[in-house]
There are 2 protein chains.
Amino acid sequence: MMNMKKELSQLNYGIIGLGIMGGSIAKAIRTNILGTTDKSCTGKIIALDKNKDSLALAKNEKIIDESFMPEQTNQMLKECDILFICLYPHATLEFLRQHKNDYKDDSIITDISGVKALIQNDFDSLCPPNANLILGHPMAGGEKEGFAASKGEYFKNHNYILITQKNDKARKDARELLKKLVSAMGFSRITETNSNTHDNKIGFTSQLCHVVASAMVESAEDPEITSFGGGSFEDLTRIAMINAPLWTELFLANKEKLCAHIETFKKHMEEIQRLIENEDEEGLKNLLSDVREKRIQMQK
Amino acid sequence: MMNMKKELSQLNYGIIGLGIMGGSIAKAIRTNILGTTDKSCTGKIIALDKNKDSLALAKNEKIIDESFMPEQTNQMLKECDILFICLYPHATLEFLRQHKNDYKDDSIITDISGVKALIQNDFDSLCPPNANLILGHPMAGGEKEGFAASKGEYFKNHNYILITQKNDKARKDARELLKKLVSAMGFSRITETNSNTHDNKIGFTSQLCHVVASAMVESAEDPEITSFGGGSFEDLTRIAMINAPLWTELFLANKEKLCAHIETFKKHMEEIQRLIENEDEEGLKNLLSDVREKRIQMQK
């Protein structure tokens, strides 16, 4: 049985999927927890990916200690005290279904999926009998992809969301350990909330923004538009260098909440449009002053 | 008569309105052209503002050499070889109307207004008889305001737009000199286009982005939303810390072009919404792949 009092530096970390997120998690653990030369660290990082080059690169860079191919999954899982499943949402669900009985006793299994309903709907039946499943979402990333683009520092001053469950008391020690780990990795704020609230808020702060940025790029008359750019368009649409298969999954898995946000957003667009069309100078000035105040309050 | 062959370091620069843009222009000229100690520079920077503190601060920081209050405008104008009018659009128009006959012979008069139609409509009647009026738009800035927030480096690698006129040949030397100055200030790309194209493109890259960011902030359910933020919402809405009176003027002065862009944008939002509602996985993936390619092509 894993002793929850064990030091973070003595645990074995497993990463399933060594892309930009899995790679960044590995790097954050390597840099902040295990170090590269400290002999007192008995813990290690092991990773699994279908891409051999990613694994080889991560080993060359001394980020991971051991690598596994998909056919070795069960062998790897038996070694991991804390396992990060860094796959797309449907692949995460499938992984949890397949490996329910394959984890190390008392280990912690967590994910990074950007939409939770998909997994939450089956949560009880996905829970491994001998390990702790805790859903999570590191709120960081960017428009890049792959291990080569990963960075441990991505997480500095970023948010981490941990999903709450009805019977969280049973996983109290495991949750505390995961929170300790996440803080040590560099995340500055851990928000605990249920799956439904997560999907609603993320549908707004993340997914709606990606829809808006995509619609802006689609609206551009020509790619030469940036010779008229002062930074606003560039900043707003950077996230439109989007990973199409991943975001298609995310949008569809959160369809109802996302479409509700799109409706609200369109309503506010039309409110501003009406004020402009009606040349309602006072109304427009009041609305923009209100926007300014609201946005300033949102500054951390 | 100003010799167009004169070195930039020998000219007198005038700034009307020492806010974030006027201040940044003054700083860029001070740093890149006049220097602080070089005795061979006989040129100077003089500024006019209604705010005495801004002027005093700029003098203390050795950015400007002399300061003027609004009642001394005519006295100041007689000294300026190149004058930057850094006021809001309507105030710029009013300034040009009032001072048509007050400039130094053969000097260059330019503005920074974000919408050009307002001034362009009266261009011929606003042209001073003894000086060169050339409309321009430095494409830089941010959500900040005031001289204290100004920075000469804002302009590095940014775009400058110079408005073309039917009879530009008459101002050929003056245009060349202004372009030389703008490049020396740090701008990396000068785009020359007519007022109509400017307002159309800026209505998209700048104004539509500000409308979208404002509507996003208005759509937020609560200011705590940023505890669920991963950077997308923050980046997209930074420009919503908007200068309400200025942007009200800009939106209204470009009403028709801006509203046309809003319509196009809404159409593309609805296209994406439809794909999500219909769970059209292939269609969504194709659209997002297209967006990604388009956006990557827009990278400088």
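Simple point charges give the picture: +1 on the Cβ of Lys and Arg, -1 on the Cβ of Asp and Glu, and for chain B a dipole about the Cα centre of about 1500 debye.
When only Cα pairs below 8 angstrom with a gap of at least 6 residues are kept, region A:65-160 shows a relative contact order of 25 percent. Could you please state how large a percent of the accessible area of region B:33-137 is carbon and sulfur, counting protein chains only and using a 1.4 Å probe? Summing carbon and sulfur atoms, their accessible area is 46 percent of the total for region B:33-137. Largest accessible area first, the listed residues B:Glu71, B:Glu145 line up as B:Glu71, B:Glu145 when surface is computed with a 1.4 Å probe on the assembled protein chains. Solvent-accessible surface of protein heavy atoms, probed at 1.4 angstrom with all chains present, puts A:Asp53, A:Asp122 in the order A:Asp53, A:Asp122, largest first. This model, with +1 at the C-beta of Lys and Arg and -1 at the C-beta of Asp and Glu, gives the protein assembly as shown a dipole about its Cα centre of some 1800 debye. Ranked by the mean number of other Cβ atoms within 10 Å of their residues, highest first, the peptides A:250-262, A:201-213 fall in the order A:201-213, A:250-262. Overall, the ratio between the Cα radius of gyration of the protein assembly as shown and 2.2 N^0.38 Å, rounded to two decimals, is 1.14.
For chain A, what is the accessible area per residue in Å², given a 1.4 Å probe and the full set of protein chains?
41 Å²
All other residues whose Cβ lies under 12 angstrom from that of B:Thr248 are scored, Lys and Arg at +1 and Asp and Glu at -1, for a net of -2. Just to be sure I understand: if you take the accessible area of chain B alone plus chain A alone and subtract the pair, with a 1.4 Å probe, what total do you get in Å², rounded to 100? Rounded to the nearest hundred, the buried surface is 8500 Å².
For A:Glu281, A:Glu218, A:Glu224, give me the order by solvent-accessible area with a 1.4 Å probe, most accessible first, ignoring ligands, DNA and RNA. Can you show the working numbers first?
On the way: A:Glu281 95, A:Glu218 25, A:Glu224 120 Å².
Most to least solvent-accessible, the answer reads A:Glu224, A:Glu281, A:Glu218.
Electrostatic tally near B:Ile16: other residues with Cβ closer than 12 Å to its Cβ, Lys and Arg +1, Asp and Glu -1, net -3. For chain B, the relative contact order works out to 17 percent when only alpha carbon pairs closer than 8 Å and six or more residues apart are counted. Plainly put, the tip 7 Å out from Cα toward Cβ on A:Lys267 is 2.6 nm from that tip on each other copy, the closest given first. In the protein assembly as shown, the DSSP-assigned H stretches of four residues or longer account for a calculated mean residue ellipticity at 222 nm of -13000 deg cm²/dmol, using -39500 (n - 2.57) per stretch and the full residue count as denominator. The phi torsions of region A:207-221, fed into the Karplus equation with coefficients 6.51, -1.76 and 1.60 and a -60° offset, translate into couplings of 5, 4, 4, 5, 5, 4, 4, 5, 5, 4, 5, 4, 7, 5, 6 Hz, rounded to whole numbers, with Gly and Pro shown as x. Peptide B:189-198 has a mean shielding of 1, counted as Cβ atoms of other protein chains within 10 Å of each residue's Cβ.
Placing a label point 7 Å from Cα along the Cα-to-Cβ axis, B:Pro223 is separated from the same position in the other copies by 4.3 nm, shortest listed first. Between this copy and the others, label points of B:Ile190 are 5.7 nm apart in ascending order, each placed 7 angstrom from Cα in the Cβ direction.
Pairs of Cα atoms nearer than 8 Å and 6+ residues apart set the relative contact order; for region A:181-258 it is 42 percent.
Can you give me the C-alpha center-to-center distance between region B:63-82 and region A:142-198, rounded to a whole angstrom? Comparing the Cα centres of region B:63-82 and region A:142-198, I get a distance of 57 Å.
The values are calculated or read from the model by the stated rules, or taken from the named source; none is laboratory data. These figures come from a predicted structure and were not determined experimentally. Glycine also receives a Cβ, built like all others from the backbone with ideal geometry; neighbour counts cover every protein chain displayed. Calculation scope for accessible area: heavy atoms of the full protein, side chains included, ligands and nucleic acids excluded. Shrake-Rupley method; radii C 1.70, N 1.55, O 1.52, S 1.80 Å.
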